[in-house]
Amino acid sequence: MSQQLISINVTLGKYQSFIDNIIKLSKAKVSAYVCVANVHMLVECSKNENYRKVVNNANIITPDGMPLAKSLKLMYGIDQDRVAGMDLLPDLLLESERQNLSVFFYGGDQKLITDSEIYITKTYPNLKVVGYYSPPFRPLTEQEESDIVALINSYSPNLLFVALGCPKQEKWMALMKNKINTCMVGIGGALSVMIGLQTRAPEWMQRNSLEWLYRLAQEPNRLLKRYLVTNTWFIYFLLKEIIKNRHATKR
């Protein structure tokens, strides 16, 4: 079950149902992908039709940002759990370890790969990690793309975690649909946070939709302009949708 929120079809359900359904896809070894949606992704989808199709063609779209969960409550009265990538990643690794499922990590630079391998080996000693791959930071050639597909399929992982960042990772997963025979999950910066390269906001900030402010304080030069623009667009699109729905109700 899903609900359209402005430009994306957010999957609904309790937090645990997302874990269960992703694990189900991983066991089926079907070519599928999961988008972990936040305000940035929603705004990009609202402004770009092609990207909107990429995201809405996903098998699962989780409400990563608290503003998305609260907007569902505001607009439709839906009490939706937040399903953040920073929670989803460690929980999926834990469940994969319990059920003897294999995983592969794609994306990030070599430092992220090296630090991730050290952390995951220590934290999930029985997890079957069948591979890590750091792609070049440039468009891939057709041959490179073909080689990567063959490499990942040769390991036949149950889950492929993609850490390329939004919107690159969603476009890549959509391109790999029906080429890579596994369930792909776009985790963005969740891997960096999990292994300790970045810290996460305190719980009270998470609950009150202020996690963006904590990240802004960590990386002001990179995020200030993006957040000012993105959050302004989000408020605009949200108000526009609320007004449209109220006019429709009055008819």
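Output needed: percent of Cα pairs per 5 Å distance bin for the chain, bins running from 0 to the one holding the longest distance.
1, 6, 13, 18, 20, 17, 13, 7, 3, 1, 1, 0, 0
Could you tell me the center-to-center distance, by alpha carbons, between the range 28-69 and the range 136-187 in angstrom?
So the two Cα centres are separated by 16 Å.
Taking amide H positions as placed in the peptide plane 1.01 Å from N, state which residues far from Gly186 in sequence (5 or more) or on other chains have amide H under 5 Å from it.
Val34, Val36, Val162
What residue among Phe137, Asn181, Tyr51 has its Cα farthest toward the positive end of the dipole of the chain, where the charges are +1 on Lys, Arg and -1 on Asp, Glu, each on the Cβ?
Value computed over the given set: Tyr51.
What pairs from Lys14/Lys122; Lys29/Lys122; Lys14/Lys70 go past 19 Å between their alpha carbons?
Pairs exceeding the cut-off: Lys14/Lys122; Lys29/Lys122.
How are the alpha carbon pair distances in the range 1-143 distributed across 10 Å bins from zero to the largest one, expressed in percent?
10, 34, 35, 18, 2
Taking only Cα atoms, what is the 0 to 90° angle, nearest 10, from helix 220-250's long axis to the longest principal axis of the chain?
So the helix axis and the longest Cα principal axis differ by about 50 degrees.
Please give the peptides 35-47, 130-142 ranked by average Cβ packing (other Cβ atoms within 10 Å per residue), highest first, as a rough proxy for protection.
35-47, 130-142
Apply 1/(1 + (r/R0)^6) to the Cβ-Cβ distance of Leu74 and Trp204, taking R0 = 22 Å, and write down the FRET efficiency to the nearest 0.05.
Once rounded, the FRET efficiency stands at 0.60.
First select every other residue whose beta carbon is under 13 angstrom from the beta carbon of Asn9; then total the charges, Lys and Arg +1, Asp and Glu -1.
The answer is +2.
Would you tally the net charge around Lys122, using a Cβ to Cβ cut-off of less than 14 Å, leaving Lys122 out, and scoring K and R as +1, D and E as -1?
Result for the neighbourhood of Lys122: -3.
Please build a GNM for the chain, connecting alpha carbons under 10 Å apart, and tell me which residue among Asn21, Asn221, Asn126 fluctuates the most.
For the chain, modelled as a Gaussian network with Cα springs under 10 Å, the answer is Asn221.
Would you list which aspartates and glutamates come within 17 Å of Lys53, measuring only between C-alpha atoms, while excluding same-chain residues fewer than 8 positions from it?
Glu44, Glu170
Which length gain, in nm to one decimal place, applies between Gln3 and Asn56 when the Cα-Cα distance is subtracted from 0.36 nm times their residue separation?
This chain segment gains 18.0 nm when fully extended.
Net charge around Pro139, counting only other residues with Cβ within less than 14 Å of its Cβ (Lys, Arg = +1; Asp, Glu = -1)?
Result for the local shell: 0.
Could you give the length gained on full extension between Thr232 and Lys111, defined as 0.36 nm per residue of separation minus the Cα-Cα distance, in nm?
Stretched fully, the Thr232-Lys111 segment lengthens by 40.1 nm.
Based on DSSP H runs of at least 4 residues, each adding -39500 (n - 2.57), what is the mean residue ellipticity at 222 nm of the chain after dividing by all its residues, to the nearest 500 deg cm²/dmol?
Value at 222 nm, helices only, nearest 500: -17500 deg cm²/dmol.
Since every read-out is calculated from the coordinates, none of them should be taken as a lab result. Note that the coordinates shown come from a computational prediction; the quantities given were computed from them, not determined experimentally. Quick reminder, even Gly has a Cβ in these numbers, built from the backbone with ideal geometry, and neighbours come from all protein chains shown.
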